[in-house]
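What follows is a short report on a single structure.
The values are calculated or read from the model by the stated rules, or taken from the named source; none is laboratory data. Here the structure is a predicted model, which means the values were calculated and not measured. So basically every Cβ, Gly included, is an ideal-geometry build from the backbone, and we count neighbours across all protein chains shown. These accessible areas exclude ligands, DNA and RNA; they are computed on the full protein's heavy atoms, side chains included. Shrake-Rupley method; radii C 1.70, N 1.55, O 1.52, S 1.80 Å.
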Amino acid sequence: MSRIGKMPIEIPAGVEVKVGENNEVTVKGANGTLTQTMQSEMIIKVDGSTITVERPSENKLHKSLHGLTRTLIANMITGASTGFKKELEINGVGYRAAKQGNKLVMNLGYSHQVEMEEIDGIKIDVPQPNQIIISGPDKQKVGQFAANVREKRPPEPYKGKGIKYIDETIRRKEGKTGSKKK
């Protein structure tokens, strides 16, 4: 039995969950409304303030979808109530970020500025020139947008310059050593 799949999901106060036709799950909360269609074979039951996910058989496909379905619903509930955020840090001399309107403008050592537009459902915040906070209700969108920002200048292992997640550690490499020829 899936250890994750059999755990019930608690619905916090202020969050409304509906399961429609074809297992279309709609979650309404303070941060917005999220809708996702789950696999139609999975059995999703809403009992008061808890949700349980069951599988119809011990088939390998159903076993693999059991935990996935439960986790996706739990992430939707967390996103609708509290939201998700990713924090990025910029390291390097002259590297900095600023927010202009709904655009994130970054100076990353290129001959031009790198601009990224906010997408719907994502909020960008720049509290300091070397810190970027990306937040929103959809975990997948937040993570993907943060990965796209990091991709513009990934951290390099010699000096540690680039954009990295705040909790990421960069394995540093030793540079070349000058050896004398005889």
Exercise. Note down all Cβ pairs under 6 Å where the first residue falls in the stretch 72-85 and is free of Cβ contacts under 8 Å to residues at least 24 places away in the same chain, the second is among the small types (G, A, S) and open to solvent by less than 10 Å² (accessible area, probe 1.4 Å), and they're at least six residues apart or on different chains.
Key: none
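Do we have T52 as open to solvent by 30 Å² or more (accessible area, probe 1.4 Å), of a type outside the set (D, E, K, R) and in a helix (DSSP H, G or I) here?
Criteria not met by T52.
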Exercise. Please determine, by comparing only the residues of the stretch 1-30 that are under 17 Å from T71 (Cβ atoms) and open to solvent by 80 Å² or more (accessible area, probe 1.4 Å), which one is modelled with the lowest pLDDT.
Key: M1
Quiz item: Within the group K123, K161, which residue is charged (D, E, K, R), open to solvent by 40 Å² or more (accessible area, probe 1.4 Å), touching a residue at least 60 places away in the same chain (Cβ under 8 Å) and in contact with a strand residue (DSSP E or B) (Cβ under 6 Å, 6 or more places away or on another chain)?
Solution: K161
Exercise. Considering only residues that are assigned to a loop (DSSP other than H, G, I, E, B) and surrounded by 10 or more Cβ atoms within 10 Å (Cβ to Cβ), look in the stretch 110-120 and name the one that is farthest from the chain's Cα centre (by Cα).
Key: Y110
Quiz item: Which residues, counting only those in the stretch 69-86, are part of a helix (DSSP H, G or I) and out of contact with any Ser or Thr (no Cβ under 9 Å at 6 or more places or on another chain)?
Solution: T69, T71, L72, I73, A74, N75, I77, T78, G79, S81
Exercise. Within the stretch 87-109, track down each residue that is in contact (Cβ under 8 Å) with a residue 40 or more places away in the chain, of a type outside the set (A, V, I, L, M) and part of a loop (DSSP other than H, G, I, E, B).
Key: G92, Y95, G109
